[in-house]
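Chemist: Could you have a look at this structure, given as structure tokens, before my questions?
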Amino acid sequence: MKLYIATHNAHKIREISQILADCEIISDDPQGVEENAATFEGNALIKVRAIAANHPGEWCMADDSGLCVDALEGEPGVRSARYAGDNALTKENNALLIRNMQGVVDRAARFVCAVALVDPAGKEHVVRGECEGRIASSPSGTEGFGYDPLFIPDGCEVSFAELPAEVKNSISHRARALSSVRELIVPQVNSGG
Ligand code: ITT
């Protein structure tokens, strides 16, 4: 089945395509949206609504995600992509996180992924996945994207960026949210909806 994804982020498309390998993933640009909601769920809804009218009768979806650090009161949170400023580069965001975590003993953090869907009847659904872990003191690894070199998931000794993609994609916040997406999609597909 076809699934239209409202994103500019090619890394998300790659991960979503790997996790939902039996779906045909088609990216669409959520043009002109301002991600100004206070929650991941709110921003995911803003993005999916921006493309849903282009694809009547189809499943559309948006992923809003980020890293929440306990010692930073949940930052960077919904501002993860813009932590070091609007249009910040990944290396600038990561450098700011390293700086803000210097000397901090409590390194606990979690990745959060909210996924908003519009189903073929136009009904909205929202699901969430989280992955607990901790912030490394320095980056390591070259896989993945974003904050992956700084995030060590619980149960691992290495960062997301040091794990093969299939391992990250089996335990990540995105994998968990998409597992709930699958539960929503499958009954509809089986019933011909
Ligand atoms: P779209 O809004 O176009 O989908 P985006 O990159 O701006 O793309 P978000 O607004 O959801 O997406 O911001 C998510 C940011 O959180 C992303 O840029 C990364 O910095 C970080 N992030 C989210 N998921 C991540 C992951 O799996 N690994 C590393 N960093 C991640």
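Chemist: I need the per residue convex hull volume for the stretch 25-82, using only the alpha carbons, in cubic angstrom as a whole number.
Modeler: Dividing the Cα hull volume of the stretch 25-82 by its residue count gives 89 Å³.
Chemist: How large is the dipole of the chain about the Cα centre if only Lys and Arg carry +1 and Asp and Glu carry -1, each at its Cβ, rounded to the nearest 20 debye? It would help to have the intermediate numbers written out before the result.
Modeler: Numbers: 18 positive and 28 negative charges, 12 e Å.
Dipole about the Cα centre, nearest 20: 60 debye.
Chemist: Here's a follow-up. When the dipole is taken about the Cα centre of the stretch 65-176, and only Lys, Arg (+1) and Asp, Glu (-1) are charged at their Cβ, what size is it in debye, to the nearest 20?
Modeler: I would put it at about 160 debye.
Chemist: Could I ask something else about it? With a sphere of radius 14 Å drawn around the Cβ of Val158, what net charge do the other residues whose Cβ falls strictly inside it have (Lys, Arg +1; Asp, Glu -1)? Before the final figure, lay out the partial values.
Modeler: Numbers: positive: Arg134, Lys168; negative: Glu143, Asp148, Asp154, Glu157, Glu162.
Within the 14 Å Cβ shell, the charges total -3.
Chemist: Then there is this: With the full set of protein chains in place, find how many percent of the accessible area of the stretch 1-102 is carbon and sulfur; take the probe as 1.4 Å.
Modeler: The nonpolar share, carbon plus sulfur, comes to 46 percent.
Chemist: Near Ala88, within a Cβ-to-Cβ distance under 11 Å, what is the net charge of the other residues, with Lys and Arg +1 and Asp and Glu -1?
Modeler: On the way: positive: Arg79, Arg82, Lys91; negative: Asp86, Glu92.
Here the charged neighbours net out to +1.
Chemist: For the stretch 1-150, what does the accessible surface come to per residue with a 1.4 Å probe? Please give it in Å².
Modeler: 48
Chemist: Starting from the Kirkwood Rh over alpha-carbon pairs, what translational D in µm² s⁻¹ does the chain have by Stokes-Einstein at 25 °C and 0.890 mPa s?
Modeler: Details: Rh = 17.0 Å.
In µm²/s, the coefficient rounds to 144.
Chemist: First select every other residue whose beta carbon is under 13 angstrom from the beta carbon of Gly144; then total the charges, Lys and Arg +1, Asp and Glu -1.
Modeler: Around Gly144, the charge tally is -1.
Chemist: To continue, here is another question. Please give the length that would be gained between Asp106 and Glu73 if that part of the chain were fully extended, namely 0.36 nm times their separation in residues minus their C-alpha to C-alpha distance (nm, one decimal).
Modeler: Extra length from Asp106 to Glu73 when fully extended: 10.7 nm.
The values are calculated or read from the model by the stated rules, or taken from the named source; none is laboratory data. Keep in mind the model is a prediction, meaning the values are calculated, not measured. Note that each Cβ is placed from the backbone with ideal geometry, even for glycine, and that neighbours are counted across all protein chains shown. Surface areas here come from the heavy atoms of the whole protein model, side chains and all, with no ligands, DNA or RNA. Shrake-Rupley method; radii C 1.70, N 1.55, O 1.52, S 1.80 Å.
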